[in-house]
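The structure appears right after this line, and notes come after that.
Just so it is clear, none of the values below were taken in a lab; they were calculated from the coordinates. Just so we're clear, the structure is a prediction, and the values are computed from it rather than from any experiment. Backbone-built Cβ (ideal geometry, glycine too); neighbour counts: all protein chains shown.
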Amino acid sequence: MSVLKLQPYKIFTVLITGMVLLGPGLVSGEKQLAYTSNTCLACHKDEEVLPEDFFKQDIHFISGILCADCHGGDSAEEDEELAMSARRGFTGVPSKRQIPAFCGKCHSKIEYMRVYRPRIATDQVQQYLQSVHGKKLGQGDEKVADCTSCHSAHRILPASDPRSSTHALNVPQTCKKCHSNSIYMKEYNIPTDQFEQYAKSVHGMALMDKGDLASPACNDCHGNHGATPPGLESISHVCGTCHLNNMQYFSDSKMGEAFVEQKLHGCEECHGNHGIQSTSDNLLGIGEKAICMNCHEQGDDGYITADALHKMLRRVVSLYDSAKVKRNKVQQIGMDDIEIGFLLQEAKQSIVQARTLIHTFDTVKVGQKTAEGYKKTKQAVILADNTINDFYVRRYGFGAATFFITILIVALFFKIREIDKQKRA
Amino acid sequence: MNKKSDDRLLNWLDERFNISPFLDFMKHKQVPIHKHSVWYYMGGVALFLFMVQVLTGILLLLYYQPGVDSSYESIRFIVTKVNFGWLIRSLHSWSANLLVLFIFIHMFSTFFTGAFKNPRELTWLSGFILLALALGFGFSGYLLPWNELAFFATKVGTDITGAVPLVGKAIKIFLRGSEDVTGGTLLRFYAFHVAIIPAIFTFVLSVHLLFIQRQGMHEPDFYKKLPREKQKTIAFFPDFFLKDILLWLIVLNILLFLAVFFPWDIGIKADPFASAPQGIRPEWYFMFMFQTLKLLPAHILFIEGEIVGVLMFGVGGVAWMLLPFWAGKINAQIRTRVLTTLGLLVVAFILVMTIIGYVM
Amino acid sequence: MSINRRNFLNIFLGTGFLGWVGSILYPLISYLIPPKVSEAKIQSVKAGIAADFPSNSGKIIKFGRKPVILIKTNKNKFVALSATCTHLDCIVRYRADTNQILCACHNGLYDLKGRNISGPPPRPLTAFNVNILNEEIIISKPSEMS
């Protein structure tokens, strides 16, 4: 009906719009049809007043959410004035403080969202309002992050898309935009070297250098919409989401209880936070690098335990290292090292487990594990020694062969002499 | 009784193949006895070691699998899982080294006793070819375990051939089977080692032995000057032959001793993308050449030092090979002295360079 | 006496010769006898009788230098995966209660396809082929890897 009423030039406009949109976007086929009657886009495109970050792969654009669906107005109306009139519900560009609610219009409505993404959460706005960002915005601070600070406004891609500003690989860069800017962050009195530290940390290097998505980005510990620094009690839970055993051991330990009482920051107290480094056995014990010595003093219980744990671990690890050298030797001389390899693998497993068990600070438990590892390593060492020995013991067999050959040599020698004598005679 | 059945067998064979001239030849062949007789045995020992190589080589073929992923593993398999595999492999390696050593000794003994001279020019020539082939055996066989040391030694070794003017690049690519040492090189060396060189070697060796049998043992000048009745000889068969066997048994014993007490290890598997380890060195018999090339300055009269070195060895090698053809032209009075001095210089050069190579 | 002496020498020579032949032939023939594992590269391993393997359980099988975990699921399907955890090389085990593969070192979990589903493991476990041939379980390397 409405089609019949259209004047020829309007049909032409619609067609052109359709072609422009359909041409490059054939992939998303039908969805693009929604834009054939999108007069907002038609005009904004012609007059080149599209939003700065407008991007054709934007998820809303692709899903057929019209400009008017967010900004109000009437996208079917030809008349500019009418289309963007308050009467037609036009709201225009939201102010910073309006943004959470602006997005929440749809994103907090489960019955709306599940049409598009059955599994998507709808509590982002609620979470945001709980976050430091959200609270500050509520107080009128317009410098804090709103939805668009991280997601952009018209270039939104799902976090699973590597081009997205919220994809795990890009999150550190996204947060860094504000949090590493010391001038911008000045009034908040919080450090701005987190990114720098993180980039050098074991997590940062795994994520950003190696592209290992299993390694945490900022949001994996701080949350994303509910971004808050993990509190005293939650810190071990944050680390424990991945480091399950370490968390369990630690919180069950005497040390864990004491930490809670004294309001110490769980894991972070020893391992640090953003700049966390790969651990080494020397972080334990009473040596120069030992963290234990930050709090404990010579002679106290902690000192004794730390020393004992360190020694247990060192004992098995140094034997393990020498066993590995022996194994290489066995391999190089060309003897069978497969069994030694299996034993060493078991030993290594015990060592790895003992290193985790350190977090119980229980010399008995750790002692059992290191003893287990020591036993396996010792077996490997003995086997390697025997194998190396066998390599040389082979010479005994040579004795038998050489005995007969020597007999033959001697007999032959006399035979030759005998023939000589006969000739002379 | 034994004698009779022996005779009957001989008659039976003689009727069919006319072997009596051959038997007569063997019976009447005499080997001179004098103070330098011991050198007559060196070639025989080399022959024995070659036979050991053929036997152990064939045995290794039963389990060896050439290929980047399998060479090292199959050698490991041979020395760890196959009964006496370690022995066969160790024997093959030791015997290879002794073979080259005895070929060198054999060559220098014929040089210093003057045995290469007219009419034995071709024997010398064929012997030289056998030496070159033996070195080829060593070079190609060294790579087959595909361990780190062999890999890089081959890389350096084939690189040197690239320094030969004009054809060097082509030779290098021919040897490597590609621009670089790869799995292709391994297959190529395998083919050289088990098929191409053995075939040529066997042929040249037969010719070499035939020449020796036709011409008889060389008699040194001082022996020739002795009066007829003082020229002591022994029969080639059985006297000399038995002594040969005796020596072979002793060598076998030594070989077993070396193989058992100083077994060869199999090293670390080659990783073409790893950086070269410290102290890459070729096998000892290439050391003097390797060391000379290393010691040469980068440039000698606008020519690259390496090219000069390679050319020098090339010219020297050809001159050495053609020794019998030009040595005769030296003034007879000083000939022996000139040649002895030359020989001593060559030996001294080889020894000094080898020692420097290992000490430095 | 001379005859005696010659006889003695011949016996001596004969013994030496026989001993020599023996000491050459013994290693030679043993060398020719094929060893238990007939090839340098292990391509497959036998892992027992299929029917004897308890349902809903796992077992570590030595596959050359590498451990492989063989699992019979509660639906009596066989699955073989590399048993080396992709995190720190510990040996994984089968958890019968949750039907998952667990690495006890750091609580890494894998599903029965070998996918790392929780904990620190960065990569899935490599799958091996399992075939039943004449009632016997045979684990073999995936063909694209050989």
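Considering helices alone, the calculated mean residue ellipticity of chain B at 222 nm is -22500 deg cm²/dmol, with DSSP H runs of length four and up weighted by -39500 (n - 2.57) and normalised per residue.
Lys/Arg Cβ at +1, Asp/Glu Cβ at -1, dipole of the stretch B:157-311 taken about the Cα centre: which of B:247, B:203, B:222 is farthest positive-ward? The one lying farthest along the dipole's positive direction is B:222.
For the stretch B:29-269, the Kirkwood hydrodynamic radius from C-alpha pairs, put into Stokes-Einstein at 25 °C and a viscosity of 0.890 mPa s, yields a diffusion coefficient of 124 µm² per second.
Excluding same-chain neighbours fewer than eight residues apart, the lysines reachable from residue B:169 by a Cα-Cα span under 19 Å are B:155. Considering only B:340, A:151, B:22, the residue lying farthest towards the positive end of the dipole of the protein assembly as shown is B:22, judged by Cα position with unit charges set on Cβ. Look at B:161, A:174, A:228, A:377 and count the other Cβ atoms within 10 Å of each Cβ; fewest to most, that gives A:228, B:161, A:174, A:377. Distance between the pseudo-spin-label points of residue A:110 and residue A:294 (7 Å out from Cα toward the beta carbon): 4.3 nm. The charge dipole of the stretch C:44-145, taken about its Cα centre with unit charges on the Cβ of Lys, Arg, Asp and Glu (plus for the first two, minus for the last two), comes to roughly 120 debye. Note that the stretch A:115-126 has calculated 3J(HN,Hα) couplings of 4, 8, 9, x, 9, 6, 7, 10, 9, 4, 5, 4 Hz, one per residue in order, obtained from phi through the Karplus relation 6.51 cos²θ - 1.76 cosθ + 1.60 (θ = phi - 60°); glycine and proline are x. Quotient of the Cα radius of gyration of the stretch B:291-360 and 2.2 N^0.38 Å, N being its number of residues: 1.35.
Put simply, the Cα atoms of chain C extend 92, 35, 28 Å along their principal axes, the longest span coming first. A straight line joining the Cα centroids of the stretch C:33-87 and the stretch A:186-221 runs 41 Å. Between residue B:65 and residue A:262, the distance separating the two model label sites (each 7 Å from Cα on the Cα→Cβ line) works out to 6.0 nm. Computed from label points 7 Å out along Cα-Cβ, the spacing between residue C:136 and residue A:135 is 6.9 nm. Given an 8 Å cut-off on Cα distances and at least 6 residues of separation, report the relative contact order of chain B as a percent. Reported as a whole number, the value is 25 percent. Of interest is the spacing of the C-alpha centroids, which for the stretch B:83-113 and the stretch B:302-360 amounts to 23 Å.
Over all alpha-carbon pairs in the protein assembly as shown, figure out the percentage whose distance exceeds 58 Å. Roughly 40 percent, rounded to a whole number.
Coupling constants for the stretch B:19-32 follow from the phi torsions by the Karplus curve (6.51 cos²θ - 1.76 cosθ + 1.60, θ = phi - 60°), and in residue order they are 8, 4, x, 5, 5, 4, 4, 4, 5, 8, 5, 10, 10, x Hz; glycine and proline get x. A compact globular protein would have a Cα radius of gyration near 2.2 N^0.38 Å; the ratio found for the stretch A:331-389 is 1.31. Listed from fewest to most Cβ neighbours within 10 Å, the set A:394, A:114, A:155, A:424 follows the order A:424, A:114, A:394, A:155.
Helical runs assigned H by DSSP (4 residues or longer) give chain A a calculated mean residue ellipticity at 222 nm of -17000 deg cm²/dmol, each run adding -39500 (n - 2.57) before division by the residue total. The fewest-to-most ranking of B:290, A:195 by surrounding Cβ atoms within 10 Å reads A:195, B:290. Residue by residue, the stretch A:184-192 carries 3J(HN,Hα) couplings of 4, 8, 3, 5, 8, 6, 10, x, 10 Hz when phi is fed to the Karplus relation 6.51 cos²θ - 1.76 cosθ + 1.60 (θ = phi - 60°); x denotes Gly or Pro. Relative contact order for the stretch A:282-393: 28 percent, from Cα pairs under 8 Å spaced at least 6 residues apart, divided by residue count.
Counting alpha carbon pairs within less than 8 Å and at least 6 residues apart, what relative contact order, in whole percent, applies to the stretch C:44-145?
25
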